[in-house]
Amino acid sequence: MKPGTDPKAMNRGPSPLPRLGMGTWHMGESATGRAAEVGALRLGIELGMGLIDTAEMYAQGGAEEVVGEAIRGRRERVFVVSKFYPHHASRKELAAACDRSRRRLGIDTIDCYLYHWRGSVPLAETVPVLEELVARGHIASWGVSNFDVADMEELFAIPGGEHAAANQVLYNLARRGIEYDLLGWCGSRGLDVMAYSPLDEGPLARHPEVVRVAKESGFTAAQVAIAWTLRHPHVVSIPKAGREEHVRANAACATLRLDAQALESLDRAFPPPAQRRPLEVI
Ligand code: NAP
């Protein structure tokens, strides 16, 4: 889906969303880091990472401002994802929260607007407001985050709930629980799964077994971990990188394919789930 196109198109056939994006958690927290953060995101855009994930929660809007600065003059090349707090999921609060995010991002339309995690507001109250925001052109599509299978089933039972375009969840080599059910549930309904924390917040880039596989494949451990999340056609991966060398390494993952031997070694070190586990969250 291109920025600003019909959201319902996302449920038709394989998603044309950029498969590799950039996270922004912890960006915008200090004025001194801002220029480097904007530079890292701009470099990523130049290198083809055409999706940026942010949230009103990150630095209390500061990360959205960094994204806004980074995409200025480049808007048409970036698919912008932002997320709203559960306490803004009500009819009274949601449209205003969306307006604040759009203002900080400096854009008319957020390409995909996600419910960050479930709170106490009934889904039946939130979904119609999201649909109205689509109709008004304030968002092009909407989705959820940290929703397990039961949450998704409840969502899809609500009129309009089936228009959800994506579920953003924790998914990496060390957190494979969604492979048991949620990944297939979303895939069979045409929903994109956005894999957050593909490096498990960093440690996978240093994990001895991933380092070993990486040496054999000629890549870095971080690249192996990110490429591993991209082996499913419906998974979008959103590593966060503030350092230029990390941005360059991550961008190269778009074309990196792990061979069967590497995948087998990784399966031995990080076995797939043998039974259902509740969705892990960070
Ligand atoms: P992550 O992407 O798994 O890891 C980020 C860490 O890995 C940073 O310390 C980064 O360092 C380092 N790194 C990045 N590329 C590297 C490379 N090539 N080699 C070595 N180290 C590398 O963790 P994350 O930030 O938690 O997750 C990614 C994004 O997912 C977030 O930024 C956020 O947008 C989203 N997220 C969503 C939720 C949710 O509830 N929906 C929760 C968590 C995260 P530098 O920054 O120093 O380069």
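The values are calculated or read from the model by the stated rules, or taken from the named source; none is laboratory data. Since we're looking at a predicted model, the values are computed, not measured. Don't worry about glycine lacking a Cβ; one is built from the backbone with ideal geometry, like all the others, and counts go over all protein chains shown.
Numbers at a glance
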{"read-out": "Test result for GLY202, under 17 Å from the mean Cα position of the chain (by Cα) and under 18 Å from ARG276 (Cα atoms)", "value": "no"}
{"read-out": "Filter pass, VAL224 being modelled with pLDDT of 95 or more, surrounded by 21 or more Cβ atoms within 10 Å (Cβ to Cβ) and within 15 Å of the chain's Cα centre (by Cα)", "value": "no"}
{"read-out": "Subset tally (residues that are within 15 Å of CYS112 (Cα to Cα) and in contact (Cβ under 8 Å) with a residue 60 or more places away in the chain) for the range 25-51", "value": "1"}
{"read-out": "Single match in SER120, SER82 (criterion: modelled with pLDDT of 95 or more and either surrounded by fewer than 24 Cβ atoms within 10 Å (Cβ to Cβ) or over 25 Å from ILE178 (Cβ atoms) (or both))", "value": "SER120"}
{"read-out": "Single unsatisfied condition, GLY68 versus (1) over 27 Å from ASP148 (Cβ atoms); (2) more than 16 Å from the ligand (Cβ to nearest atom)", "value": "(2)"}
{"read-out": "Whichever residue in the range 233-247 is surrounded by fewer than 17 Cβ atoms within 10 Å (Cβ to Cβ) and under 19 Å from the mean Cα position of the chain (by Cα) and, among such residues, is farthest from VAL67 (Cα to Cα)", "value": "PRO233"}
{"read-out": "Enumeration of residues in the range 185-232 that are in contact with a strand residue (DSSP E or B) (Cβ under 7 Å, 6 or more places away or on another chain) and near the ligand (Cβ under 10 Å from one of its atoms)", "value": "MET194, ALA195, TYR196, SER197, PRO198, LEU199, ASP200, LEU204, ALA225, ILE226, THR229"}
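Each row is one residue, and each column tells you yes or no for (1) within 14 Å of the ligand (Cβ to nearest atom); (2) touching an Asp or Glu at 6+ places or on another chain (Cβ under 6 Å).
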| residue | (1), (2) |
| --- | --- |
| VAL144 | yes, no |
| PHE147 | yes, no |
| ASP151 | yes, no |
| GLU154 | no, no |
| PRO159 | no, no |
| LEU170 | yes, yes |
| GLU179 | no, no |
